Amino acid sequence: MKIEEVRSTTRTQRVATHTHIKGLGLDEAGNAINVQSGLCGQQQAREAAGIVVDMIKNKKMAGKALLFAGPPGTGKTAIALAISSELGPKVPFCPMVGSEVYSSEVKKTEILMENFRRAIGLRMKETKEVWEGEVTEISPEEDEDPHGGYGKVVNAVVIGLKTTKGQKQLKLDPSIYENIQKEKVAVGDVIYIEATSGAVKRVGRSDSYSTEYDLEAEEYVPIPKGDVHKKKEIVQDVTLHDLDVANARPQGGHDFLSLMSQVNRPKKTEITEKLRLEINKVVNRYIDHGIAELVPGVLFVDEVHMLDTE
């Protein structure tokens, strides 16, 4: 059984000049509060940006551009990133700088196309057969190494799962045990295991352990309801660029979600137009069947004056 690890190509967020901005700082009527959400001043611009946010959420801004113009230090980038915060994590927001477009390896249009596809999201829904519950035990079964030596190898793992309706003990393949270790699953965690692919997803820590420590950076979730073995609708948000990268180096797998498996690219390489057209055909087919939904996002180009007419 092959275990696929899904990684997103979303850029890592670091502490920077504008990381304190949490939103546009508007009240319920859409009027700007002078000092709110890390912003102060520029009230008319913030109110206008609030209208833009509503249009993006209602999918009425697709294919349109918005230009922020003004002297340096007046809050252009701040308002753009505040729009990103208002939209939330479900709407793709791809920031880039105009000077990024220049490269000795890749065409300018390729860099722009890559960022355009980063800003187009896809929300996929798939009903899967899963085993879900709170982990009550993890017991690997070991045997002598068949190749000799003093070490032992794991030939199976026994895991106990508990829900509000019952409890079950499962004997799993050793490859799934490797995935359990990658997810850092411990007793008391709430997880689900996909029956077809063997993929393991850690949902969080069971809320029955919430009083275990005074201070802990854990997300506590209730114990799952129903049976341990069930059918579950899994929703996953990816971008078109995630699918491009995954299919540039296919790793095998039989379902659509497994296409997102990828490895780190050693250098910057172009994704062919033919591949993108194939991805678009697959995506359109899934949208027509109601499995996926297209989510228009936002591409923010800072220092846009650096772009040339080419």
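Give, in nm to one decimal, the length gained when the segment between residue 44 and residue 145 is fully stretched (0.36 nm per residue of separation minus the Cα-Cα distance). If you can, show how the numbers build up before the last one.
Working: separation 101, 0.36 × 101 = 36.36 nm, distance 7.06 nm.
Between residue 44 and residue 145, full extension yields an extra 29.3 nm.
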One finds, for residue 275 and residue 233 with R0 = 25 angstrom and r their Cβ-Cβ distance, a FRET efficiency to the nearest 0.05 of 0.30
Under 5 Å from the placed amide H of residue 302, counting only residues 5+ away or on other chains, we find 96, 97, 98
Among the stretch 179-200, those whose backbone N falls under 17 Å of a label point 7 Å along Cα→Cβ from residue 210 are 188-190
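Could you sort the peptides 68-75, 289-296 by per-residue average Cβ neighbour count (10 Å cutoff), highest mean leading?
Numbers: 68-75: 10.8, 289-296: 14.2.
In descending order of packing, they fall as 289-296, 68-75.
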The relative contact order of the stretch 128-234, taking Cα pairs under 8 Å that sit 6 or more residues apart, comes to a percentage of 34
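Could you give the length gained on full extension between residue 152 and residue 22, defined as 0.36 nm per residue of separation minus the Cα-Cα distance, in nm? Each step should come with its number before you reach the end.
Numbers: separation 130, 0.36 × 130 = 46.80 nm, distance 5.11 nm.
This chain segment gains 41.7 nm when fully extended.
Bear in mind that the values in this text are calculations on the coordinates, not laboratory data. Here the structure is a predicted model, which is why all the values come from computation and not from measurement. Backbone-built Cβ (ideal geometry, glycine too); neighbour counts: all protein chains shown.
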